1. Just to be sure I understand the filter: pairs with C-beta atoms under 8 Å, separated by 6 or more residues or on different chains, first member in segment 16-44 and surrounded by 10 or more Cβ atoms within 10 Å (Cβ to Cβ), second member among the charged types (D, E, K, R). Which pairs pass?
2. Condition first: assigned to a loop (DSSP other than H, G, I, E, B) and either modelled with pLDDT of 95 or more or not basic (Lys, Arg) (or both). Now tell me which residues in segment 10-38 satisfy that.
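The values are calculated or read from the model by the stated rules, or taken from the named source; none is laboratory data. Quick caveat, the model's predicted, so the values are computed rather than measured. Positions of Cβ are backbone-derived with ideal geometry, glycine not excepted, and every protein chain shown enters the neighbour counts.
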Amino acid sequence: MSRHEAEHERLERYAGGEIEVRPGGVNRWLLVVYAVLAVWGVWYLFACWKVS
C-alpha cells in the first residue's frame, strides 16, 4: 500500500463529501494569524474600548 492510499483511507468525509478532513497539524501561517489576532484583540481591549 502506497503512502497516498494510506492517507486516502484515513480521510473523513462530512456533508455528503462536501467537507474532507485529513489527519495533520495546523499550518504555521495560520498559527501566526491566530497569534496576531490575539495580540490585536488585547491591544484593542485596552486602547480603544475605554469607558467614558
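1. GLU20/GLU12; GLU20/ARG13; VAL21/GLU12; VAL21/ARG13
2. LEU11, GLU18, PRO23, GLY24, GLY25, VAL26, ASN27
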